[in-house]
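Trainee: One structure, pasted below without further comment.
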Amino acid sequence: MTRPVVLFSSGLDSAVLLLQTARRYGSAQPVYIRSGLAWEHGEQATAERFIAGLPPEAGVLDLVVLDLDMRDVYPATHWAVRGEAPAFDSPDEDVYLEGRNLVLLSKTAVFAARTGSNRILVGPLAGNPFPDARPEFFEAMARALSLGLNTTIAIEAPFLALHKSDVIRVGMELGVPFELTLSCMQPVSSTTIGSALHCGRCSKCRERQDAFAEAGVIDPAGAQATTNFQSPTSN
């Protein structure tokens, strides 16, 4: 069985996916893709810290970082390039990035094919409203990539029937170190912990807060993920 590749962003969903995949297949190759978006410095630093903190028996390989700059498509005024995320109570539709999974999977598939892997795992959740997070998209994309690369490429999205609180429960069973994850679109740099802190003002921070509350679990990120959280009325 070939080693699967996991798109890893340092967020709690992809962290659970990474460790679940490594346990299922014996090992997993995390891949982080830089696209020129404002939060990537903090995200990559957190991803590297997360993987460095895992024991060797977890089966997670060193992080591979690939570049696929999208700043020639998204203008400098785009919120994701400026680093000014939509408000705390914004719906998912307000943070839509056109073709996000399309471009990430394309680059990752070339890497996978060149390294002898035929399986890519991604972590979209139930209720994701974006067109490139639908099962039919992943099925069609897998066929296209397999044809274009002349090899079998499977794309798996095992969390499509789960909500974030469900994923947290799975992660608790796996022993995922949630204190080393980052779910934020405008993270605050921290020299103290060597990665980044949650801003507490964006919708990704709100989703994280709500999910831990729904799961009945205290976010182990502690001060870096909870004392920064703000309710919509405090903005």
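The values are calculated or read from the model by the stated rules, or taken from the named source; none is laboratory data. These numbers were taken from a predicted model, which means no experiment stands behind them. Quick reminder, even Gly has a Cβ in these numbers, built from the backbone with ideal geometry, and neighbours come from all protein chains shown. These accessible areas exclude ligands, DNA and RNA; they are computed on the full protein's heavy atoms, side chains included. Shrake-Rupley method; radii C 1.70, N 1.55, O 1.52, S 1.80 Å.
Trainee: What does DSSP give for the chain in terms of the percent of beta bridges that are antiparallel, rounded to the nearest 5?
Mentor: In the chain, DSSP labels about 20 percent of beta bridges as antiparallel.
Trainee: Please state, rounded to one decimal and in Å, the Kirkwood hydrodynamic radius that the chain gives when every pair of distinct Cα atoms enters the mean of 1/r.
Mentor: Radius from the Kirkwood sum: 18.0 Å.
Trainee: Leaving out ligands and nucleic acids, note down the accessible area per residue over region 8-101 with a 1.4 angstrom probe, in whole Å². Mind showing how you got there, number by number?
Mentor: Values: 4180 Å² over 94 residues.
I get 44 Å² per residue for region 8-101.
Trainee: Leaving out ligands, DNA and RNA, what percent of the accessible area of the chain is carbon and sulfur, probe 1.4 Å?
Mentor: Result for the chain: 52 percent of the exposed heavy-atom area is carbon or sulfur.
Trainee: Report the rotationally averaged projected area of region 82-173 based on its alpha-carbon convex hull, in square nanometres.
Mentor: Result: 7.6 nm².
Trainee: Using bins 10 angstrom wide from zero, how does P(r) for region 31-138 break down, in % of all Cα pairs?
Mentor: Computed distribution, short to long bins: 12, 36, 40, 12, 0.
Trainee: If you build a Gaussian network model of the chain, linking Cα atoms that sit under 10 Å apart, which residue out of VAL16, VAL167, VAL103 swings the most?
Mentor: VAL103
Trainee: So, one more: Hey, any idea what Rg/Rh is for region 63-114, computing Rh the Kirkwood way over Cα pairs? Don't skip to the answer; put the middle values down first.
Mentor: On the way: Rg = 13.6 Å, Rh = 13.0 Å.
Here Rg/Rh amounts to 1.05.
Trainee: How long is the gain from VAL110 to VAL81 if the chain were fully straight, where each residue apart is worth 0.36 nm and the alpha carbon distance is subtracted?
Mentor: Net length gain for the segment: 7.9 nm.
Trainee: Would you kindly state how much longer the chain becomes between GLU93 and MET172 on full extension, computed as 0.36 nm times their sequence separation minus their alpha carbon distance, in nm to one decimal?
Mentor: Taking GLU93 through MET172 to full extension adds about 25.5 nm, to one decimal.
Trainee: So, counting K/R as plus one and D/E as minus one, what does the shell of residues with Cβ under 12 Å around VAL73 add up to?
Mentor: Combined, the nearby Lys, Arg, Asp and Glu give -1.
Trainee: Would you mind counting up the charge near SER27? Only other residues with Cβ under 11 Å from its Cβ, with Lys and Arg at +1 and Asp and Glu at -1.
Mentor: Around SER27, the charge tally is +2.
Trainee: Find the all-direction average of the projected area of the Cα convex hull for region 119-189, expressing the result in square nanometres with one decimal place.
Mentor: 6.7
Trainee: Another one. Rounded to the nearest 20 debye, what is the charge dipole size of the chain about its Cα centre when +1 sits on each Lys and Arg Cβ and -1 on each Asp and Glu Cβ? Could you put the intermediate results ahead of the total?
Mentor: On the way: 19 positive and 26 negative charges, 102 e Å.
It works out to roughly 480 debye.
Trainee: Pulled fully out, how much extra length does the chain show between ASP69 and GLU57, if you take 0.36 nm times their separation in residues and subtract their Cα-Cα distance?
Mentor: 0.9 nm
Trainee: I would also like to ask the following. Could you identify which residue out of GLU57, GLU98, GLU48 has the top mean-square fluctuation in a GNM of the chain using Cα springs shorter than 10 Å?
Mentor: For the chain, modelled as a Gaussian network with Cα springs under 10 Å, the answer is GLU57.
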